[in-house]
Amino acid sequence: MGKLTPYDSMAAERAAPQGLPKQRRLLYQLLLIMLSIALLPLIITGLNLMKINKEFLENELLLLHTQLANDTAEKVAIRFENVVNELKIASESQGLASSLDIFQRRRLLLFYLERYPSILSLSVLNKNGQEDVQAYRTLIKTNKANPLNESHDIGVKHAIKGESYIGDTYIASDIPYPLLAVYLPIKNEAGQIINVLKADVSLKEISIPVERVGIRKDGFGYLVNRKGQLISHRDKEKVKLQENMSDVEIVGKYLAIGKTGGAVPFKDKDGREMLGAYASVRNLGWGVIVQEPKSDAYLSVKLMTRTTTMWGILTIIIVSIMAVVFSNRISIPIQRLVESTLSIAKGNFKEKINITSKNEIGQLAHTFNYMAERLDEYSQDMRELFVSTIKSLAAAIDTKDPYTHGHSERVASISTMIAKELGLPPQEVERVYIAALLHDVGKIGIDDHLLKKGTGITEDEYNNIIKQHPVLGASIMAPIKQLQKIIPGAKYHHERFDGRGYPEGLAGKDIPLLARIIAIADTYDAMTSERPYQKAMNQLSVIGKIKEWSGSRFDPDIVTAFISAIEKERRSNA
């Protein structure tokens, strides 16, 4: 019958815990606690440091960008002032040389061109703006649409009034750098304005401070005029095209405000996140812009974040290892205790909890082992009582009919063989055994004289009394809680696979498995036993009949298992 007895099967079903709460392993809880203790301070400290560092960095960026923009704007202003001062000297010399002829005055202009490389051409204009004397380092080719042509008259008018005039920047086709036209009054010794000095100035030297701006990896500076057009930039092609930068947020802000501002976030024309500052060039209205990618500016914050993350991961690994080591010393014994306790609860009272700890868990394990020993003793007593009761009841049923003596035991034995051949689990095999022992318990409610009449039973007695014994058996067992899963086997063992059986006419797989097994075992024993209404048949003949009834009276799968089990039994007894 296997290791489990009928009583064990009943006890296991009764004791198996139902709806256990979802497990939250102690290991995970300890791990979470240790990680929280280790990581929370690290995370809070890291976040605070990053916040402090970011604020400090933003202040430093504000100072750096603003200072750099201001310094560069001042250098540009000084360089331009130097050029203007050079032009004033040239203007004064032309006033003093007004009595000289044209060739001498032109030679004087050439002297200043050679002395000051930023000046590309010098012209002495009359009050109508026409050239009287010219000196060119390089012939400047312009077009009619050039700002030089548009602002020429304005520059002459300002100079005649005694004012210096600085025109808009412009590009000449043969000069790689932007140019600027400057107009100055020429006065004689009496202080009267007699002519106008016009100079075309290259911004090459003036732009050098801007081109030298470099901030970390990709930071740089550029210079725009009053219209937002590039005067100086590291990309010379953009300067040559006088690219308009007014749609860049920081340039637009400069053009709107017209004064220094620092460390503002913005996006450049390529959509990159940038940080920068702007400053106005004194007396010119030009703007110096210094900028760098935001990612470079906050590189130190990134590095600190990366370092904090790295240490956090390292801490997690170390703490996890420590948590696993320490918590295992607690959780593993507890897990063993749980597993052994569940085994005991399912009726395996031989289970021993093997925990050698000398702490409270070890004491608890020792107590459980002691309890299991006492339960095992009690279980043995109850097991013997249960088995004896079932067998006595089966024997009492069989004694009501002298021709069925030992029938229930034999049916139970055959049913068990079939169940094992089907590969049912031990618990189900035991259920089959109990159901087979009690399959005829309903005969207790039938008068003995009817059971002993044999062939003398009328059709009415057979249909209305004898055929009711499965239902009577189910009624007898119904109040017993431990036998609820046994009842279907006893109640339906006279059902047929084709639906022509009794008491309910069930068919196919609707017939409980226990009943389909017992039906074959009951038929086999009845046909191979001596009865008043029939003689015992040969075993092989009975097997042949059962094969014939496969699919009609019996489940074909059960028939196959039955024949295989009988064959194994025959070989083992040979």
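Among all residues of the range 36-57, there is at least one that is surrounded by 11 or more Cβ atoms within 10 Å (Cβ to Cβ), modelled with pLDDT of 70 or more, more than 33 Å from the chain's Cα centre (by Cα) and in a helix (DSSP H, G or I).
Scanning the range 535-574 for residues that are open to solvent by less than 70 Å² (accessible area, probe 1.4 Å), charged (D, E, K, R) and closer than 10 Å to residue 520 by Cβ gives a single hit, 555.
Applying the set (1) at pLDDT 90 or above; (2) part of a loop (DSSP other than H, G, I, E, B) to residue 545 leaves exactly one unmet item: (2). Scan the helices (runs of 4 or more DSSP H) fully inside the range 442-533 and keep the ones with 3 or more residues being open to solvent by less than 70 Å² (accessible area, probe 1.4 Å) and not basic (Lys, Arg). Qualifying helices (runs of 4 or more DSSP H): 448-452, 469-477, 487-491, 513-527.
Within the range 54-89, the set of residues being of a type in the set (S, T, N, Q) and under 18 Å from residue 280 (Cβ atoms) comprises 66, 67, 70, 72. Would you confirm, using the coordinates I've provided, whether residue 396 is at pLDDT 90 or above, open to solvent by less than 70 Å² (accessible area, probe 1.4 Å) and assigned to a helix (DSSP H, G or I)? Spelling it out, it is not the case that residue 396 is at pLDDT 90 or above, open to solvent by less than 70 Å² (accessible area, probe 1.4 Å) and assigned to a helix (DSSP H, G or I). Within the range 75-106, the set of residues being acidic (Asp, Glu) and open to solvent by 80 Å² or more (accessible area, probe 1.4 Å) comprises 92 only. Working only within the range 187-212, note down all residues that are surrounded by fewer than 23 Cβ atoms within 10 Å (Cβ to Cβ) and either in contact with a Lys or Arg (Cβ under 6 Å, 6 or more places away or on another chain) or of a type outside the set (S, T, N, Q) (or both). Residues satisfying the conditions are 187, 189, 190, 191, 193, 194, 204, 205, 208, 209, 211, 212. Just one residue in the set 218, 296, 247 is of a type in the set (Asp, Glu) and open to solvent by less than 40 Å² (accessible area, probe 1.4 Å); that residue is 296.
Tell me, please, whether a residue that is touching a Pro at 6+ places or on another chain (Cβ under 8 Å), at pLDDT below 75, surrounded by 12 or more Cβ atoms within 10 Å (Cβ to Cβ) and assigned to a loop (DSSP other than H, G, I, E, B) can be found in the range 329-346. Within the range 329-346, not a single residue is touching a Pro at 6+ places or on another chain (Cβ under 8 Å), at pLDDT below 75, surrounded by 12 or more Cβ atoms within 10 Å (Cβ to Cβ) and assigned to a loop (DSSP other than H, G, I, E, B).
The values are calculated or read from the model by the stated rules, or taken from the named source; none is laboratory data. The structure presented is a predicted model; accordingly, all values stated were derived computationally and were not measured. Don't worry about glycine lacking a Cβ; one is built from the backbone with ideal geometry, like all the others, and counts go over all protein chains shown. Accessible surface areas use protein heavy atoms only, side chains included; no ligands, DNA or RNA. Shrake-Rupley method; radii C 1.70, N 1.55, O 1.52, S 1.80 Å.
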